[in-house]
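Quick notes on the structure that follows.
The values are calculated or read from the model by the stated rules, or taken from the named source; none is laboratory data. Just so it is clear, the model here is predicted, and its values are computed rather than measured. Cβ: placed from backbone, ideal geometry, glycine included. Neighbour counts: every protein chain shown.
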Amino acid sequence: MGTRFGEEGRKLSYGSYLKIPELLALQHGLSHEHDELLFIVAHQVYELWFKVVLHELEAARATIDRDDIFFARHHLRRVYVIERLLVEQIEVLETMSPQDFLAFRSQLAPASGFQSVQFREIEFLSGLKDPKYLTRIEATPEEKARLQRRLDEPSLADAFDALVARRGSPSLVDIFRDRERYGDLFDLCEELLDHDETFAHWRARHVLMVERQIGSKPGTGGSTGASYLRSTLGKRFYPELWEVRSLL
C-alpha cells in the first residue's frame, strides 16, 4: 500500500508549519486579571490582519501599475472583507465590562493603539500621509524606517491617478457618467471607496467601544481618549471619490 499525499517524510505538521507553540507563547499579561488575555489576543489578531491588509494593498498597487484592474479589484475586495471582520471583532472586546478593563488598564500605560505602526502604514499606503506621525509615534528605528518608506513611495491613490492619466486623463465626473466607456475605472473607484468607507466604519465603531469602556478618561498613551478619536472620524483616503457624488 502506497503512502498517501503529504505523508512522505512527515517532516511537517500543522503546528510546526503555523508555528503554533511559538504563537501561543506570545500572550504574556502584566496582571492576573481574567480579561487581559482577551485584550492581548484581540489586539494581536488586529496586527496579524493589518499585515495581510498591507500585503493586499501592495498587491493592488502593483496590479494597478500593470493596468491589471481585474486583479486590483480582487485584492481590494479581500481588503474590504477583512476590514468588515475587524469591525465585527470589536464586539468581542465589548464583552469586557468597564470594571473588567479597568482592573488592568493602568498597567498598560504608556502603551497605546496610537502607536500601531502597521495602522499608520495602512493609512500612508492607502493615500492618507501625515509626516508628523514620524515624530509623534514611539517606534523602533526599523519601524520608523518603514513609515518613512511608506511616506516616500507612491500610495494606492497615486497609482490610481497614474492609471487615469494613462487612460487619457478623464475626470472623475466623466468616469462616473460614462460607465460604458470607463466601466473598469468606475468599478475600481467603487472598490477603493469600499476600502475607505469600511475603514471609516472601523474608526467610528472603535470610538463607541472606547467610550463604552472608559467614558471620557484620557488614553493610556496620553491622548484625550475618545475625544481625540472622534477628531479623526473625518479622515478619508480618497476624498475626491466622495466629492464626485455632489457633481453628478
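Is it the case, given these coordinates, that residue 227 is of a type in the set (Ser, Thr, Tyr), out of contact with any Lys or Arg (no Cβ under 6 Å at 6 or more places or on another chain), in a helix (DSSP H, G or I) and modelled with pLDDT of 95 or more?
Taking the combined requirement at face value, the residue does not satisfy it.
Of 152, 174, which residue is over 28 Å from residue 112 (Cα atoms), modelled with pLDDT of 95 or more and either among the aromatic types (Phe, Trp, Tyr) or surrounded by fewer than 18 Cβ atoms within 10 Å (Cβ to Cβ) (or both)?
Result: 174 is the single residue among 152, 174 that is over 28 Å from residue 112 (Cα atoms), modelled with pLDDT of 95 or more and either among the aromatic types (Phe, Trp, Tyr) or surrounded by fewer than 18 Cβ atoms within 10 Å (Cβ to Cβ) (or both).
Scan 48, 26 and give me the residue that is touching a residue at least 12 places away in the same chain (Cβ under 8 Å), closer than 30 Å to residue 100 by Cα and under 22 Å from the mean Cα position of the chain (by Cα).
26
Tell me, which residue of segment 9-33 that is exposed (fewer than 10 other Cβ atoms within 10 Å of the Cβ) and small (Gly, Ala, Ser) is farthest from residue 104 (Cα to Cα)?
So the residue we want is 9.
All but one of (1) surrounded by 13 or more Cβ atoms within 10 Å (Cβ to Cβ); (2) under 25 Å from residue 52 (Cα atoms) hold for residue 226; which doesn't?
If we test residue 226 against (1) surrounded by 13 or more Cβ atoms within 10 Å (Cβ to Cβ); (2) under 25 Å from residue 52 (Cα atoms), just (2) comes out false.
Yes or no: segment 154-170 includes at least one residue that is under 20 Å from the mean Cα position of the chain (by Cα), assigned to a loop (DSSP other than H, G, I, E, B) and not small (Gly, Ala, Ser).
Scanning segment 154-170 turns up at least one residue that is under 20 Å from the mean Cα position of the chain (by Cα), assigned to a loop (DSSP other than H, G, I, E, B) and not small (Gly, Ala, Ser).
Which members of segment 34-74 meet the condition of being farther than 17 Å from residue 107 by Cβ and touching a Gly at 6+ places or on another chain (Cβ under 9 Å)?
The one that is farther than 17 Å from residue 107 by Cβ and touching a Gly at 6+ places or on another chain (Cβ under 9 Å): 46.
Does at least one position in segment 137-144 carry a residue that is touching a residue at least 24 places away in the same chain (Cβ under 8 Å), assigned to a loop (DSSP other than H, G, I, E, B) and either over 23 Å from the mean Cα position of the chain (by Cα) or surrounded by 14 or more Cβ atoms within 10 Å (Cβ to Cβ) (or both)?
yes
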